[in-house]
Amino acid sequence: MLTKRIIPCLDVKNGRTVKGVNFVELRDAGDPVALAKIYAEEGADELVFLDITATVEKRKTLAALVKKVAEQVNIPFTVGGGISSREDVETMLYTGADKVSINSAAVNRPELIEELAANYGSQCIVVAIDTRFVNGRHVVHTHGGRYPTEVETFAWAKEVQERGAGEILLTSMDHDGTKKGFAHTLTAQLSDALTIPIIASGGAGTMEHFMDVFTFGKADAALAASIFHYKEIPVPQLKAYLQQHQIPVRIVA
Amino acid sequence: MEIAVIKYNAGNIQSVIYALERLGLQPLLTDQPEEIHRADKVIFPGQGEASSAMRYLRERKLDQVIKNLKQPVLGICVGLQLMCQFSEEGNAECLGIFDVTVKRFPARSKIPHMGWNDLKVTGGVLCQHLRQDAYLYYVHSYYAELSEYTTATNDYILPFSVALEKDNFYAIQPHLEKSGRDGEQILKNFLAL
């Protein structure tokens, strides 16, 4: 049976792991390659590396990290954060990333999704959507959640699927950093409306939150960062809990 | 032991190289027929679109090279699909090593079939020595039908072939190179042949 995926997200800046609380305040949580190996051994199903480096050297430092991870880690991983061109995507995939995640670049130029899907296949194109509830509607935000757009979240999610995205990484900015649970109503609505997998992100604080996002939220995967990095919820404990509650998960020996 | 990994326009070749390196091997990535023929074992990786992959292989006459190999050959993911007779993906005539048709999953659930799923081993040697609840990482929208060559199965929307074996040809649908310890076990089984 296809299992629900647990995905630790590693925010990286200049080659080090950090976690943004509400995307602003950052704390150092260690070496990304070491963390990645631990997560893979513990039974994480995939990893996401979100690069928040803002320098011109960005692509080079990120590619060096991607290579190290690809060499040492035996589970799939996605790279995202400021990936804006076909050249960026190609560099990451050829260096060893399994998937790339695009966000603002897709909002700015939606045809990019088609170009990437046609050249590299939908399976490696994740479109990340940062959404916030503003004046009664779910609105897509760009640039790490800084800027609201005019784009409505459901319409955008359907559009990215039609354009060839392989998965959607949905981050509820209203929930991110709160540890009060995922946005499961929104996640369920999107999951019902779409045929591609939805990775839910933002708000994980307890093991019950993961159960809720897989049941009420109908998510295919759930992503979290700080609760894993600071060992508040170890991955093996989370999976044992989910298994006890009849959520199909992959247990490693 | 010399391992040749066939170089062609597939997406995840480097991941296969890294997986072999993690097992202490130094594989040779090549599209040169003499180097492929000389290797003790050949790995035919895959990710991408079937008809464009077949066109690429034919242009370089690699299709003839692969199907005439006598040493153990392992196809992974699209590699498995290309070793079949025909794929609905781009209506591609494939290598025909396995007399099996590759079809698109009907849209009754999410496609691609993406993520960690189990398997049911029904025979063969490729999927031996796996733990009871082994899981592998799958990413595919097309599947090989069940056949006399099927040695492992799974059910996603409908039953399909996870692994195929015939003579010196072995093939597996999930991405072994990204399937944790269970994937490594299958890779080791192939390397031990």
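The values are calculated or read from the model by the stated rules, or taken from the named source; none is laboratory data. Everything numeric in this text was worked out from a predicted model, so none of it was measured. With ideal geometry, Cβ positions are generated from the backbone for all residues, glycine too; neighbour counts draw on all protein chains shown. Each accessible area value is taken on the protein alone, full model and side chains, heavy atoms only, with ligands, DNA and RNA left out. Shrake-Rupley method; radii C 1.70, N 1.55, O 1.52, S 1.80 Å.
A Förster distance of 45 Å, applied to the separation of the beta-carbon atoms of B:Leu146 and A:Lys180, puts the FRET efficiency at 0.45.
Partner shielding of A:180-192 amounts to 0, given as the average count of beta-carbon atoms from other chains within 10 Å of each residue beta-carbon.
Between A:Tyr94 and A:Lys37, the contour length at 0.36 nm per residue exceeds the alpha carbon distance by 18.5 nm. From the square roots a ≥ b ≥ c of the eigenvalues of the alpha-carbon gyration tensor of the protein assembly as shown, which class results: rounded (a/c under 1.5), prolate (a/b over b/c), or oblate? Verdict is prolate for the protein assembly as shown. Spatial offset of the stretch A:184-253 relative to the stretch B:76-101 amounts to 36 Å, using the alpha carbon center of each.
Quote the total accessible area buried by chains B and A together, excluding ligands, DNA and RNA, probe 1.4 Å, nearest 100 Å².
Interface area, both chains combined: 2500 Å², rounded to the nearest 100.
Which FRET efficiency value, to the nearest 0.05, is calculated for B:Thr122 and B:Lys61 with the Förster distance at 35 angstrom and r the Cβ-Cβ distance?
Using R0 = 35 Å, I get an efficiency of 0.50.
When a 1.4 Å probe is rolled over the protein heavy atoms, the share of accessible surface on the protein assembly as shown that falls to carbon and sulfur comes to 49 percent.
Considering only DSSP beta bridges whose two residues both sit in the stretch A:5-244, what percent are antiparallel, to the nearest 5? Kindly include the intermediate steps, with their values, before the conclusion.
Details: 16 of 47 bridges.
The antiparallel proportion sits near 35 percent.
In this label model, B:Glu184 and A:Asn135 are separated by 5.5 nm, measuring between points 7 Å along each Cα→Cβ vector. Cut-off 10 angstrom, C-alpha nodes, Gaussian network model of chain A. Which of A:Tyr120, A:Tyr94, A:Tyr39 fluctuates the most? Taking springs between Cα atoms under 10 Å, the residue moving most is A:Tyr94.
Does the stretch A:106-158 classify as rounded, prolate or oblate by the C-alpha gyration tensor (a ≥ b ≥ c root eigenvalues; a/c under 1.5 gives rounded; else a/b over b/c gives prolate, otherwise oblate)? Display every interim value, and only then the final one.
On the way: a/c = 2.61, a/b = 2.26, b/c = 1.15.
In terms of gyration-tensor shape, prolate.
Pairs of Cα atoms nearer than 8 Å and 6+ residues apart set the relative contact order; for the stretch A:96-198 it is 26 percent.
Working note: Cα gyration tensor of chain B, eigenvalues times five, square-rooted, sorted largest first, giving semi-axes of 23, 20, 15 Å. My understanding is that a pair violates if its Cα-Cα distance is over 25 Å; which of A:Lys67/A:Lys158; A:Lys13/A:Lys68; A:Lys68/B:Lys7; B:Lys61/B:Lys120; A:Lys179/B:Lys178 do that in this structure? Table pairs above 25 Å Cα-Cα are A:Lys67/A:Lys158; B:Lys61/B:Lys120; A:Lys179/B:Lys178. Take each residue in A:85-94, count the other chain C-beta atoms within 10 Å of its C-beta, and the mean is 1.
For the pair A:Ser84 and A:Thr149, what calculated FRET efficiency results from E = 1/(1 + (r/R0)^6), where r is the Cβ-Cβ distance and R0 = 22 Å, to the nearest 0.05? Write out the running numbers ahead of the final one.
Working: r = 16 Å, r/R0 = 0.72.
My answer for the efficiency is 0.90.
Sorting A:245-251, B:177-183 by their mean Cβ neighbour count within 10 Å, with the most densely packed peptide first, gives B:177-183, A:245-251.
Please tell me the relative contact order of chain A in percent, rounded to the nearest whole number, where contacts are Cα pairs under 8 Å and at least six residues apart.
Details: 533 pairs, mean separation 46.0, N = 253.
Once divided by the residue count of chain A, the mean separation gives 18 percent.
Classify chain A from the C-alpha gyration tensor, please: rounded if a/c falls under 1.5, else prolate or oblate depending on whether a/b exceeds b/c. Since a/c stays below 1.5, the shape of chain A is classed as rounded. The packing ranking, built from the mean of other Cβ atoms within 10 Å per residue, places the peptides A:213-222, A:57-66, B:101-110 in the order A:213-222, A:57-66, B:101-110, highest first. For the segment A:68-77, counting C-beta atoms of other chains within 10 Å of every residue's C-beta and taking the mean gives 6. If a paramagnetic tag sat 7 Å from the Cα of A:Asp192 along the Cα-Cβ line, which residues of the stretch A:148-181 would have the backbone N under 15 Å from that point? A:154, by backbone N distance to the label point. Pairs of Cα atoms nearer than 8 Å and 6+ residues apart set the relative contact order; for chain B it is 19 percent.
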